[in-house]
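The structure under discussion appears below in the form of structure tokens.
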Amino acid sequence: MTQKRPLVIGNWKMNLDYVEAVHLGQQLGVMLKNKPVEHTDIVVAPPFVDLRSVTSIIESERIPVEVAAQHVNANENGAHTGEISVSMLKRLNVKWILIGHSERRAMYAMSDELVAATLRSVTRAGVRAVVCVGEALQVREADEHEAYVSAQLASALEGLDEKSRELISVAYEPIWAIGTGLSASAEQVRAMMDHIRSVLAQLSLGDARVLYGGSVNAENAPSLMLEGAVDGFLVGGASLKAESFMGIVQSCDDCYDGKR
Ligand code: PEP
């Protein structure tokens, strides 16, 4: 398998106000200037209200990081009080959007159908999408995790047009590993990566990068990368501090092309 360029995304969730977000963005900028990263694409996903400030600082200080939104409404515009559209995000120079994070699915009733509709509206606008999938603990204990993830992928990705395909990445995030400090093992991740890649190949999405998320840190990143065979990470808790996030980014960069 040819190694794809690693992608590391920091999901800041509902943390950091705009002042704190700018500060973290600047810290990342300083660290990247002191130790540039060659092979890895870096993305941060701040809360909506921080987006403008973070994109501004990244542009003005030429920080080699792109910005993602954590969610978006599937509709183009109109009477959707409290919601944000893809075109509003595009206007802010947001290049990526996370779709169907398990917290959105579990706490904000985001169904598979809504994930698919959101994906269509994001890719139609030419914005990169990260489709999040992953099973709960009971599903894994019942040994149904592969079927569960296949169904999530098929529902989200079926029928996408040719142009949309190159905009898509997938993040496998077992719910039991998110924010628990209990990462999936490299073997579990490897098995799921193989499974997801075969499902994606059947859907003509063999070029999509497949990330892992769930209690990733600078210590477990190298083995997840090499033995787990991931194309990168979606990072929650460890993305809130510049040192821990950059530790993960650096591990990916070092692992690229078997340097490690
Ligand atoms: C996430 O929520 O996307 C995530 C992976 O969180 P954490 O790294 O904190 O487990």
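In the set (1) of a type outside the set (V, I, T); (2) more than 14 Å from the ligand (Cβ to nearest atom); (3) assigned to a helix (DSSP H, G or I), the condition left unmet by E83 is number (3).
Are any residues in segment 234-251 more than 8 Å from the ligand (Cβ to nearest atom) and touching a Phe, Trp or Tyr at 6+ places or on another chain (Cβ under 8 Å), and if so, which ones? If you could, list the steps in order and put the result at the bottom.
First pass over segment 234-251, keeping only residues more than 8 Å from the ligand (Cβ to nearest atom): 240-251.
Across segment 234-251, the qualifying residues are L240, I248.
Restricting the first member to segment 140-152 and to residues that are farther than 25 Å from A117 by Cα, and the second to residues that are assigned to a helix (DSSP H, G or I) and modelled with pLDDT of 95 or more, the beta-carbon pairs closer than 8 Å and six or more apart or on different chains are R140/W176.
Criterion applied to G228, G206 was being of a type in the set (G, A, S), in a loop (DSSP other than H, G, I, E, B) and either touching a residue at least 40 places away in the same chain (Cβ under 8 Å) or under 15 Å from T180 (Cβ atoms) (or both), and the one residue passing it is G228. The set of residues in segment 63-89 that are out of contact with any Leu (no Cβ under 8 Å at 6 or more places or on another chain) and touching a residue at least 24 places away in the same chain (Cβ under 8 Å) comprises E66, N73, N75, E76, I84, V86, S87. Being within 12 Å of L234 (Cβ to Cβ), touching a residue at least 60 places away in the same chain (Cβ under 8 Å) and more than 8 Å from the ligand (Cβ to nearest atom) is the filter here; which residues of segment 167-184 pass it? Residue satisfying the conditions is S169 alone.
Identification of helices (runs of 4 or more DSSP H) wholly contained in segment 111-185 with 1 or more residues that are within 22 Å of L89 (Cβ to Cβ) and not basic (K, R) yields 112-124, 145-157, 162-165. The residues listed here are E187, E135; of these, the one that is touching a residue at least 24 places away in the same chain (Cβ under 8 Å) and surrounded by fewer than 18 Cβ atoms within 10 Å (Cβ to Cβ) is E187.
Please indicate, with yes or no, whether at least one residue in segment 239-250 is touching a residue at least 40 places away in the same chain (Cβ under 8 Å) and over 28 Å from N15 (Cα atoms). No, there is no match, as no residue in segment 239-250 is touching a residue at least 40 places away in the same chain (Cβ under 8 Å) and over 28 Å from N15 (Cα atoms).
From the list V49, V22, V8, which residue is under 18 Å from I84 (Cα atoms) and at pLDDT 95 or above? From the options V49, V22, V8, the qualifying one is V49.
The values are calculated or read from the model by the stated rules, or taken from the named source; none is laboratory data. Fair warning: this is a prediction, and the values are worked out from it, not measured in the lab. Cβ coordinates were reconstructed from backbone atoms using ideal geometry, including for glycine residues, and neighbour counts include every protein chain displayed.
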